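The values are calculated or read from the model by the stated rules, or taken from the named source; none is laboratory data. These numbers come from a predicted model, not from an experiment. So basically every Cβ, Gly included, is an ideal-geometry build from the backbone, and we count neighbours across all protein chains shown. Ligands, DNA and RNA are stripped out before the accessible areas are found, and what is left, the full protein with its side chains, is counted by its heavy atoms. Shrake-Rupley method; radii C 1.70, N 1.55, O 1.52, S 1.80 Å.
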Amino acid sequence: MTPLEHLQAAMAAVPGPDESAVAAVTERSSSVLRPAGAFARLDEVAIWLGGWQRRPDPLVRQAAVVIFGGDHGVAAQGVSAYPAEVTVAMAGAITGGLATSSALAAAHGAPLHFVDVGVGQPTEDFSIGDAMDAERFAASWHVGREAIAGLDTDLLIIGELGIGNTTAAAAVAAGLFGGTAADWVGLGTGVDDDGLARKRTVVDAGLARVGSADPLEVLRCLGGTELVAMAGAATEARRRSIPVLLDGFIATSAMATIERAAPGALDHALAGHCSAEPGHRRLLAALGKQPLLDLDLRLGEASGALVALSVVTSAAAAVTNVATFADLEVTEPS
């Protein structure tokens with residue numbers, strides 16, 4: 001099955017959230033013991049969760065985190081404050097339980113899975129050639145799909161790791177939604193002014209080279225193996241009706257490709273936070289997604305979404321585990 005066929009099958013298998021669950025959670029949220037509208041935004045989160053979990057009693061019973069790692073040929077152009085070798089070190093920290101994402105996942109009792117999609121095997125420099133050929137693109141997508149296919153979870157967080165991937169993410173976002181590098185490129189790992197200029201030059205070169213292309217072609221030509229895997233993982237989650245909590249700019253850029261290819265493909269995804277990358281806010285606005293948190297985070301590796309997980313957990317518990325006025329035989333205020 002090709003990536004496009006997988007996406008089309010996912011959309012056909014799960015056309016939308018379960019309307020009966022949505023109605024049940026909406027009704028309950030309007031009658032729990034608190035003033036009307038007091039938890040309005042959180043109630044919306046609980047309703048979203050119930051609809052995609054297909055349950056009238058949404059709860060985060062078992063969240064899971066999957067982080068995909070890869071390397072980028074464009075990193076050789078000095079677009080990051082860190083050398084490409086750091087990807088290997090960070091992958092070891094994650095698998096060894098020593099990274100920020102490891103600590104946050106453990107705090108939530110969420111198993112964390114690291115999937116190597118090309119660490120130490122960089123893509124091509126997208127400013128002078130396609131980041132990957134069709135075969136590597138399909139293989140990376142399949143890795144993402146398979147990582148989710150057998151996962152036992154009711155809320156999924158998808159993250160990434162890869163030096164140079166904010167540059168790739170900016171290129172993908174611009175390829176999907178238009179604009180120049182100046183509109184999308186940020187400091188990433190914390191480059192100086194010269195580094196920022198290099199990033200913009202590289203992205204503009206890639207955009208000029210690729211021109212107008214279909215969303216999945218944009219991802220193949222300008223993205224990275226871990227970005228492709230994230231898109232495949234999000235598509236498989238859509239097929240299985242698993243709600244997804246979006247992480248930062250890179251993860252959102254990757255998954256925006258499936259929304260552009262098949263509108264509605266990201267309806268099962270909620271924006272966990274808005275990062276410090278200027279392109280992230282622009283991207284969320286283009287997708288029509290309001291972030292749960294806005295804390296100027298810029299780490300990646302699923303960390304921002306893991307911080308936001310407590311909000312989703314609280315929202316669901318505040319509907320499902322709270323008594324209603326009727327339960328206590330109390331008359332609701334008119």
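Across every pair of different alpha-carbon atoms, what Kirkwood hydrodynamic radius in Å does the stretch 177-272 reach? Numbers along the way, then the final one.
Working: mean 1/r = 0.0695 Å⁻¹.
After inverting the mean inverse Cα-Cα distance, the result is 14.4 Å.
Distance between the C-alpha centers of the stretch 136-209 and the stretch 273-324? Whole Å please.
The two parts, judged by their Cα centres, are 19 Å apart.
By DSSP, what percent of the beta bridges with both residues in the chain are antiparallel, rounded to the nearest 5?
5 percent
Place the peptides 18-25, 121-128 in order of packing, highest mean first, counting for every residue the other Cβ atoms within 10 Å and averaging per peptide.
121-128, 18-25
Given a 1.4 Å probe and heavy atoms of the protein chains only, how would you sort L306, L196, largest accessible area at the top?
So, going from the largest accessible area down, we get L196, L306.
Given the chain, what whole percent of its Cα pairs are spread farther than 36 Å?
18 percent
Which far-off residues, 5 or more places away or on another chain, put their amide H under 5 Å from the one on A269, with H placed in the peptide plane?
Counting only residues 5 or more places away or on other chains, the set is V244.
What per residue convex hull volume, in Å³, comes out for the stretch 1-62 when only alpha-carbon positions are used?
102 Å³
To the nearest 500 deg cm²/dmol, what mean residue ellipticity at 222 nm is calculated for the chain from DSSP H runs of n ≥ 4 alone, each contributing -39,500 (n - 2.57), summed and divided by the residues? Please report the intermediate quantities before stating the final value.
Details: 14 runs with 170 residues, N = 334.
It comes out at -16000 deg cm²/dmol, rounded to the nearest 500.
Can you compute the charge dipole magnitude of the stretch 162-218 about its Cα centre, using +1 on each Lys and Arg Cβ and -1 on each Asp and Glu Cβ, nothing else charged? Give it in debye, rounded to the nearest 20.
Dipole size: approximately 60 debye.
With unit charges on the beta carbon (Lys/Arg positive, Asp/Glu negative), name the residue among G264, C274, A318 whose Cα is farthest towards the positive pole of the charge dipole of the stretch 210-334.
G264
What distance in nm lies between label points placed 7 Å from Cα along the C-beta direction at V88 and A106?
So the label points at V88 and A106 sit 2.5 nm apart.
Dipole of the chain, Cα-centred, from +1 at each Lys and Arg C-beta and -1 at each Asp and Glu C-beta, to the nearest 20 debye?
That gives a dipole near 260 debye.
So what are the radius of gyration and Dmax for the Cα set of the stretch 266-310, in Å?
My reading of the Cα-based Rg and Dmax gives 9.8, 26 Å.
Which number do you get for Rg(Cα) / (2.2 N^0.38 Å) in the stretch 196-325? The partial results should precede the final answer.
Numbers: Rg = 16.3 Å, N = 130, 2.2 N^0.38 = 14.0 Å.
Ratio of Rg to 2.2 N^0.38 Å for the stretch 196-325: 1.17.
Run the Debye formula on the Cα coordinates of the stretch 55-163, all scatterers equal and no solvent, and tell me log10 I(q)/I(0) at q = 0.10, 0.11, 0.17, 0.18 1/Å.
Reported log10 I(q)/I(0), two decimals: -0.35, -0.42, -0.87, -0.94.
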